[in-house]
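The values are calculated or read from the model by the stated rules, or taken from the named source; none is laboratory data. Bear in mind that the values here come from a model prediction, so they are computed numbers and not experimental data. As a convention, Cβ positions derive from the backbone with ideal geometry for all residues, glycine included, and neighbour counts pool all protein chains shown.
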Amino acid sequence: MSTNRFLTLVNGVINFVTAISASTGVSDANKIVATGSDGRLDNSVMPSGIGAATETISASETLSAGDFVNIWNDTGTRRVRKAAADNARAAMGFVLTAVTSGQNATVVLQGVNTGLSGLTPGTRYFLGTNGTATTTAPTTATHINQSLGVAISATGLNFEYNDPIVIGA
């Protein structure tokens, strides 16, 4: 891949500079920004309040990329685990990167879950078991029925939190 380089004046001399695709903070001030390999700007170059709504939370079990997750209170510490309709663990977000138990997970609270496959665009998906999505709304008593969103491609589901409904007996 070619490097994005631009001409600029440095102390009156014309120089080539390389654009950055991610920022490490103040040391990258006043640098030219380039999009990443996905054609998007990295969240690290966005102003506060702009970009993906994410939280960093310790995982209480191993999570796979694309899992829908539940945030819960573990004796005063918030933790994240796989969401599951059969365990009444509502989906509150998803992860795009796999993590093992005890590691910090970046939980995306709203947006497109691109960690999936085999979706049918235009189809509504519901919370299934073990962090998964399904096209069939649960009907079993004590399980929860929670709409996760609509697939926008074979690999992307537009997630927006919806309150779960507990199915009665």
Exercise. Working only within segment 140-151, note down all residues that are surrounded by 16 or more Cβ atoms within 10 Å (Cβ to Cβ) and either touching a residue at least 40 places away in the same chain (Cβ under 8 Å) or more than 10 Å from VAL112 (Cα to Cα) (or both).
Key: HIS143, ILE144, ASN145, GLN146, SER147, LEU148
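Condition (residue is more than 26 Å from ILE167 (Cβ to Cβ) and assigned to a strand (DSSP E or B)) applied to segment 79-93: is it met by at least one residue? Show your work before the answer.
Taking segment 79-93 first, the residues more than 26 Å from ILE167 (Cβ to Cβ) are none.
Checked segment 79-93: no residue is more than 26 Å from ILE167 (Cβ to Cβ) and assigned to a strand (DSSP E or B).
In this structure, does ALA29 turn out to be among the small types (Gly, Ala, Ser) and in the same structural domain as ASN130 (by TED's automatic domain parsing)?
Values: among the small types (Gly, Ala, Ser): yes; in the same structural domain as ASN130 (by TED's automatic domain parsing): no.
Judged against the criteria, ALA29 is not a match.
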Quiz item: Just one of the numbered conditions (1) at pLDDT 95 or above; (2) touching an Asp or Glu at 6+ places or on another chain (Cβ under 8 Å) is not true of ASP67; which one?
Solution: (2)
Quiz item: How many residues does segment 103-159 contain that are under 19 Å from the mean Cα position of the chain (by Cα) and part of a strand (DSSP E or B)?
Solution: 24
Quiz item: With respect to the numbered conditions (1) within 10 Å of the chain's Cα centre (by Cα); (2) part of a strand (DSSP E or B), which one is the sole condition not fulfilled by THR56?
Solution: (1)
Quiz item: Just one of THR120, THR100 is surrounded by fewer than 18 Cβ atoms within 10 Å (Cβ to Cβ), among the hydroxyl-bearing types (Ser, Thr, Tyr), within 19 Å of ALA154 (Cβ to Cβ) and at pLDDT 95 or above; which is it?
Solution: THR120
Exercise. Assess whether LEU63 counts as being over 22 Å from GLN146 (Cα atoms) and of a type outside the set (Asp, Glu).
Key: no
Quiz item: How many residues does segment 123-162 hold that are more than 27 Å from THR97 (Cβ to Cβ) and out of contact with any Phe, Trp or Tyr (no Cβ under 6 Å at 6 or more places or on another chain)?
Solution: 8
